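Every number in this text was worked out from the coordinates using simple rules, so none of it is lab data. Everything numeric here is computed off the predicted structure, so don't read it as measured data. Note: ideal-geometry Cβ built from the backbone for every residue, glycine included; neighbour counts use all protein chains shown.
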Amino acid sequence: MSKQPNPARRSERSRQAILTAARELVSEVGYAKLSIEAIAARAGVGKQTIYRWWPSKGAVVFDSILALSESGPQDGMALPDTGDIEADLQVVMRATVAEFADPAFEAPIRALNTEIINDPDLAAQYREKLAGPVHEAKKARLRSAQRAGQIAADADLDLALELMYAPLYQRWLLRTGPLTPEYADALVGLVLKALRP
C-alpha cells in the first residue's frame, strides 16, 4: 500500500524553500531588484503560493530573517545568567556584532530596515515578533543584575539597552567602523560603568 504524501510536510518544505530563496536572493541582487517572481523561481513554486502566505516581498524577507534567528539555539529567549553581568553581556554583544558582520545576515537585515522605514505594518510586526521579545529578554537579564546589586536599583533599563545597542546599530548602518569583539566589549564596559550602583 503506497503512503499518501503529507500535504502539511510538502507545504512546510515549500515554505522553507521560499524563505531560503528570499534570503539568498536579497544577498545576491539586493532588495530593490528582488522580486516575488525570482523568489518563486528559485524556490520552485508558483507566485500564487507565495502570495497565499505573504502580502508583499517585504513580508517574505522579514519572515526569512525571523526564520534565520529562530534556527539558532533558543532557550526560551533567555540571555546567559552566570551571575557576572559583564561577562554575560559581552557574550551577547559579541554574538550580535558577529551576526551583523556576517554577509549572509547583513544583506537581508539591511533590506528589512529599508522596508521598515517605509512600511508601518511591517515595522509593527518587527517590533512584535522579533525586536520586542529580544528586548524583553535583555531587560530580564538586567533586572537580575539589579537584584544582585550589580546595577543601580533606579537605572532605566530601557534607556540602558538603547545606550548599549544604538552605537552598534549606527556603526553598522552607516559603516563608520569595524564590528569587532573588542568593540562589543568596549560598549558593554562603558554602559556598565554608567549603570553601576
List the residues of region 161-186 whose backbone N lies under 16 Å from a point placed 7 Å from the Cα of Ala194 along the Cα-to-Cβ direction.
161-171, 184-186
Go ahead and run the numbers for FRET between Arg13 and His135, Cβ-Cβ distance against an R0 of 35 Å, rounding to 0.05.
0.60
Would you check the chain for Lys pairs whose C-alpha atoms are within less than 23 Å, ignoring same-chain pairs closer than 8 in sequence, and give me the count?
8
Which value, in Å³ per residue, describes the convex hull spanned by the Cα atoms of region 93-197?
104
Hydrodynamic radius by Kirkwood for the chain, inverse mean 1/r across distinct Cα pairs, in Å, is 18.7
Could you state, as a whole-number percent, how many of the C-alpha pairs of region 48-157 are farther apart than 23 Å?
40
What 222 nm value per residue comes from the helices of the chain, counting each DSSP H run with n ≥ 4 as -39,500 (n - 2.57) and dividing by all residues, nearest 500 deg cm²/dmol?
-23000 deg cm²/dmol
Estimated vicinal HN-Hα couplings, Hz - region 32-48 in sequence order (Karplus 6.51, -1.76, 1.60; Gly, Pro = x):
4, 8, 6, 9, 4, 4, 5, 4, 4, 4, 5, 7, x, 10, x, 4, 4
